[in-house]
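Visitor: Please see the structure below; I have some questions.
A short reminder: the numbers here are calculations on the coordinates, not readings from a lab. Just so it is clear, the structure is predicted and the values come from calculations on it, not from any experiment. Note: ideal-geometry Cβ built from the backbone for every residue, glycine included; neighbour counts use all protein chains shown.
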Amino acid sequence: MSKRNRIFVGILLIYAAGIAFLLYRVLADLDPRYRESAEESLVETAHVMASLVEQDVRGGAIDTARLEPLFRSVHARQFEARIFSVVKHKVELRLYVTDRAGRVLYDSQGRMAGADFSQWRDVRLALRGEYGARTTPDVEEDPLTSVMYVGAPVHHGNEIVGAVSVGKPVQSFGQFVQAARRKTLYVGLYSAVAVLLLAVIVSVWLVRPFGLVADYVRYVRAQRRLNLPRLGRRALGVIGAAYDEMRDTLAGRSYVADYVQTLTHEVKSPLSAIRGAAELLQEPGMAPAQRQRFLDNITRETRRIQELVDRMMELTALETRRTLEQVQPVRLGPLLDEVVAAAAAAAAPRQVQVRLDLHEEAMVEGDPFLLRRAVSNLLDNAIDFSPAGGQVRVSLRRGRRDAVVEVADQGPGIPDYAQDKVFEKFYSLARPHSHKKSTGLGLPFVREIASLHHGRIGLANAAEGGAVARFALPLAAG
C-alpha cells in the first residue's frame, strides 16, 4: 500500500472513530435527558395531587377517602394511545400519601399502607418543605423494575401536615429511550457509511490531482538554495495544475465534445474540396493539365487534413499532462542555436534570413524536447509571415527571475480584430505570400508548453513593425 493510500485509510479510521465516539456520547445522554423530562412532568403532577389532598385536610389530619375510588377507576381504564412508535394501553402512575411523621396513609397499589417512609428521600425532604425525588427498584438488584418518585408537601395553613409522592415506572418511558437509541444508531451508521462512500468517490475523482503536491515536495528538495518567491510561484502552479485536472475530470465529456465539434468543423472544408475535385475527375475528356491540377488539389487537402489530425493529437496529449514527467536543467543558448540552424534551411527558399542575437546565457528547468518544439513553432510562424527577403530575429534576454526568448519578424503584424484570438484553437490568419491558413494549433501548442514550464507566452505588434513573440521561462535556481 502506498503512503498516500495509508494516509487516506488513516483519515477514514480517524473519522470512523470520531463518529463512534459521538454516537456513544449521544446514546449515553439519551436516558438522562428522558429521565429529566419525566421528572419535570412528575413535579407538576405531585403538586397537583398535593393541592387536591389539601382539600381534604380536617383539623390537621389528612382524609384520603376519595383517593381509593379515584385510582381504582383510573387503573381500570383501558385505552389505546399511539405515541409515535410506542402504543400505551393503561395508566401506570402511582401515588402514596404520608402523614407528618412519614407514615403511609394511602398507597395506590394497596401494599404499603402503614409503612414508615420517613427515611425515603422524597418524603423526608418534602416534609421539610424542600424538593425531594428518588428512583428505587421494586425488586432489589433489578434496575428494570425501577420507579421514579417525586414528593410534594401537603400544607394546612402555614404548617406541613404530610407529603404526597407520585411515581412512574422507568420502564414506561424507557420504551421511548430504546426507540430513540435505535433511530439515532441507524441514522448515525447510515450517515457514516454515506460519508465514507462519498470520501471514496471524492478520493477517486477529485483528490488524485493533489498528488501533484508530492512533485512539488520533490522540487523543493532538489533546490540548492531557498528561494521563497520561486517556491511560491511553484506552489501556485501546482495548485493550478490540480485545479485544471479536477476541471477536466468533472467536465470530461464536454471537453471531448467540444474537440470533436471543432475538429469536424475544420475538416469539413478540405473534405468538400476533395469531394469536389473527385467528382470533376470523373468527367470524361478532361485535359491532362487540368486533371493534374485537381489531383494536386486532392493531395494538398489530404495533407492538410493529416497535418490537422496530427497537430490535434499532439495538443490533446499535451493538455492531458498537468506536470512534466522529467525535468532537467536546459541551457537556452545551445537550444536556440540548434533551432535557428534548422529554421534557416526552411526559410532559404524565400530568402528570409534568421538571425540569432545571443549576448548572454540562461539556464532553465524543463523538457528540452518540448522547449525546442515551442521555439520552432514560433520561428515557423515568424518565417511564414515575413516578406520575401525579410529577416527574423531571435534573441535571449535574461531578467532577475526569468529568461525571455523573443522572436520578431518584419511581417504585417497582427490586425486589431485578431489581437485576442491568436491563441484560440483553430484560429489562424492567412499567410501573406500564400494566402493560406495554417491549422491554428501551433500557438495553443506553445501556450500549453509554457504553462507546463510555469512560464508565459505573449504575441504583440512591435513598435518598428511586424510582430514579436515573447516566451518567458523561470530561471533555474543556482
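Visitor: Determine the shape class of the range 93-138: with a ≥ b ≥ c the square roots of the Cα gyration tensor eigenvalues, call it rounded for a/c under 1.5, and otherwise prolate if a/b is greater than b/c, oblate otherwise.
Guide: Note, shape of the range 93-138 comes out oblate.
Visitor: So, one more: Using alpha-carbon positions, what is the distance between the centroids of the range 1-79 and the range 134-151, in Å?
Guide: 13
Visitor: Another question about this same structure. Let me see the pair-distance distribution of the range 3-178: every alpha carbon pair, 10 Å bin width, integer percents in order.
Guide: 9, 31, 28, 15, 7, 5, 4, 1, 0
Visitor: Starting from the Cα of E159, step 7 Å along the direction of its Cβ; do the same at H433; then give the gap between the two resulting points in nm.
Guide: Label-label distance for E159 and H433, simple model: 12.9 nm.
Visitor: Let me know the charge dipole size of the range 69-203 about its Cα centre in debye, to the nearest 20, where only the beta-carbon of Lys, Arg (+1) and Asp, Glu (-1) is charged.
Guide: Charge dipole, the range 69-203, about its Cα centre: 420 debye, nearest 20.
Visitor: To continue, here is another question. If the cut-off is 17 Å between C-alpha atoms, which aspartates and glutamates fall inside it for K90, apart from same-chain ones fewer than 8 positions away?
Guide: Of all the aspartates and glutamates, those that pass the test against K90 - Cα under 17 Å, at least 8 places apart if same chain - are E80.
Visitor: Which value in nm describes the separation of the simple spin-label points at A81 and S191, placed 7 Å from the Cα toward the beta carbon?
Guide: The answer from the label model is 3.1 nm.
Visitor: Where in the range 47-84 does the label zone of Q109 land, with the point 7 angstrom along Cα→C-beta and an amide N cut-off under 15 Å?
Guide: 75
Visitor: Could you compute the FRET efficiency for E140 and E39, with r as their C-beta to C-beta distance and R0 at 25 Å, rounded to 0.05?
Guide: It comes to 0.65.
Visitor: Taking K183 as the anchor, which aspartates and glutamates have their alpha carbon closer than 19 Å to its alpha carbon, excluding any fewer than eight residues away along the same chain?
Guide: The qualifying aspartates and glutamates are D29, D31.
Visitor: Separate question: I'd like to know how the range 43-120 sits against the 2.2 N^0.38 Å rule of thumb: what's its Cα Rg over that expected value?
Guide: 1.28
Visitor: So for each of 327-335, 192-200, 360-368 I average, over its residues, the number of other beta carbons within 10 Å; can you give me the resulting order with the highest mean first?
Guide: Order by mean packing, descending: 360-368, 327-335, 192-200.
Visitor: Please compute P(r) over all alpha-carbon pairs of the range 364-473, binned at 5 Å starting from zero, and give each bin as a whole-number percent.
Guide: Values per bin, smallest distances first: 2, 12, 23, 26, 20, 11, 5, 1, 0.
Visitor: Oh, and also: Would you mind counting up the charge near E80? Only other residues with Cβ under 12 Å from its Cβ, with Lys and Arg at +1 and Asp and Glu at -1.
Guide: +4
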